[in-house]
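The values are calculated or read from the model by the stated rules, or taken from the named source; none is laboratory data. Being a predicted model, the structure only gives us computed values, none of them experimental. So basically every Cβ, Gly included, is an ideal-geometry build from the backbone, and we count neighbours across all protein chains shown. When the accessible area is computed, the model is the full protein with side chains, heavy atoms only, and any ligands, DNA or RNA have been set aside. Shrake-Rupley method; radii C 1.70, N 1.55, O 1.52, S 1.80 Å.
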Amino acid sequence: MNRREYALGKNIKGFELGLVGTVFVVAFSGGMVLPFYVYLFGAGVFWEYIGIMICMIAVWNFASYKLMRYSRKYMNIYSLPSYLKYRFKDEREYLRIIASSEIVILSIVIMSLLTKELGIILNEIFGLDSTLAAFFLCIIIATYLSIFGFNIIAKTAPYKAVFILAVVMTICMLTFNKMGIHTMIQNMMAMNVTGSVSNYMNVLIHNGRLLVPEDYVSLISMGLLASGMPFLLSTFFSAENSDRINVGKVVMIVFLPFFFASAAIMGGISRGYLYPQKLTNSLSKYIAIFYNKLFTDFGMNGLIGYLFLAVIILAVVITYEGSLHIIVTIIYDDIIRGGRLLRVKRKREGLYIAVITFMVTLICFIVSEFLDGFSVNVVVVFIGALGCSIAPTVFVSLAWRRMNKYGAVVGLISGLLAVPFFKYATFIGVRGDKRSLCDVMGVNSVVPSMLVAFLMIILVSLVTKKPSEKAVEEYDDIKHRIMN
């Protein structure tokens, strides 16, 4: 298997293209986090997922076609760093190396955190050694990915999507039918929902408080992070023509609302279904409690419980394999080959890719062992840092012909640093208490971080020299669908 086949696969059909990136984006956020957040805070959290749907539609309508055209023009584009190199004619490879380093490091941390969380979940349910359980699962993923590459991710995406959606909908129906509406409401009240059950189920109320404009901005803006996921954006390089993107777009638009609605309903029902268990703010404990109750309530040798657990494991696997795929592609193509560190014969590319795959897996596993005490919110912070650096850089590069490589470099760095700055840097508040800038402004770190990245890209591009005529002409050709 050569590097192109590993990175982009072969003959990816439209419906596979529509689901491979979509499932990657929503598996963890929708399959695990959405039910848990609705269980904790109520239906108001659903605005965050409205933001993801808006963002996905924008990505497919605006970015997909242009990224596909660049990959068809330059057959060596397999990842976002290589796209940035060719877009800005960066002959010295500085931009490519910066983008590669950022994506690889942040993705490794995200994968390590997910590995740790899955190990904790399996320990909570089965009492398994969390280290060994996570290690064996990661080795299995690395094995099939090193053999089949992007093909196995894309070709299995429709089956994964259908399975997850079917299981979530089945659990919704079974748990609701077991309780009935009156018992569910009584149980919700007994579980101390903030306010009333009607408030808990009201999308205009979050955790018992009526949403204000800043809340809508914060919640919806979280969806913007989807536009900065390297794996999602890189899937468009595998599209052979615009017809397949058109088909994929329709499939994505149909799948997302059904999936998010089903996951949200399951989370809401679980608030009443899990009574008299105490409310927990731990994702792993929530999953363990839910699994145990499903296992004991519905017979069939615990089949429903096992199916629920399969969805959780699959959500982690989908996120892990997509991240691992993009890391390996970048390390081999952008760092080793792009940096001219090694000269590899074509027939030996498969071996090098397999070695890198297992090395990255081992690194992620080792890193995960040092990440004790981290919650799901930490995963979101790292996803935020990645999204706030990649999304502005890529989207401005596709929308503004005047942007240059200096603006791209600053966009990547400023977006990365802005997220922890706005979220954790403390300042003296009005009453003398120390508060972060996010708390002072009343929004999350995504909104100001993306604004900073956008502004820095524009400012630096304007004060530095213009891009080359060749880069501008090529941009215009891509924009107006002129292909060589």
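Near the amide H of residue 436, within less than 5 Å, lie the amide hydrogens of 427, all on another chain or at least 5 residues away, with H placed in the peptide plane. Here the extension length gained between residue 1 and residue 465 equals 162.9 nm, from 0.36 nm per residue of separation less the Cα-Cα distance.
With K and R counted +1 and D and E -1, the other residues having a Cβ less than 12 Å from that of residue 304 yield a net charge of +1. Taken along the Cα-to-beta-carbon direction at a fixed 7 Å, the label points for residue 362 and residue 303 span 4.3 nm. Taking Cα atoms only, the orientation of helix 283-297 departs from the longest principal axis of the chain by about 50 degrees. For segment 267-381, the alpha carbon convex hull comes to 154 Å³ per residue, rounded to a whole number. Projecting label points 7 angstrom from Cα along Cα→Cβ for residue 481 and residue 440 puts them 4.9 nm apart.
Placing R0 at 25 angstrom, the Cβ-Cβ distance between residue 144 and residue 11 gives a FRET efficiency of 0.85 after rounding to 0.05. With a simple spin-label model that places each label point 7 Å from the Cα along the Cα-to-Cβ direction, the separation between residue 93 and residue 246 comes to 4.0 nm.
Working from Cα positions, state the angle (0 to 90°, nearest 10) between the long axis of helix 446-463 and the longest principal axis of the chain. For helix 446-463, the angle is close to 10 degrees.
If you plug the beta carbon distance of residue 401 and residue 152 into 1/(1 + (r/R0)^6) with R0 = 41 Å, you get a FRET efficiency near 0.60.
Leaving ligands, DNA and RNA out of it, work out the accessible area of residue 105 with a 1.4 Å probe and give it in Å² to the nearest 10. About 110 Å², rounded to the nearest 10.
Considering only 71, 99, 36, and ranking their Cα positions along the charge dipole of segment 1-132 that arises from unit charges at the beta-carbon of Lys, Arg, Asp and Glu, the one farthest toward the positive end is 71. In sequence order, segment 329-336 has phi-based couplings of 4, 5, 4, 6, 7, 8, 9, 6 Hz under the Karplus curve 6.51 cos²θ - 1.76 cosθ + 1.60, θ = phi - 60°, and Gly or Pro positions carry x. The C-alpha atoms of segment 270-323 occupy a region whose extents along the principal axes are 38, 30, 13 Å, arranged from largest to smallest. As a rough guide to protection, the peptides 26-38, 450-462 ranked by mean Cβ packing within 10 Å, highest first, stand as 26-38, 450-462. For segment 47-130, what does the alpha-carbon gyration tensor say about shape, rounded, prolate or oblate, given a ≥ b ≥ c as the root eigenvalues, a/c under 1.5 as rounded, and a/b over b/c as prolate? Oblate is the answer for segment 47-130, as a/c is 1.5 or above yet b/c matches or exceeds a/b.
With the gyration tensor restricted to C-alpha atoms of segment 228-288, the semi-axes of the equivalent ellipsoid amount to 37, 15, 6 Å, longest first. A straight Cα-to-Cα reach below 25 Å connects residue 278 with the lysines 116, 178, 293, residues fewer than 8 places away in its own chain not being considered. Compactness of the chain is given as radius of gyration and Dmax, 22.6, 69 Å, from Cα positions.
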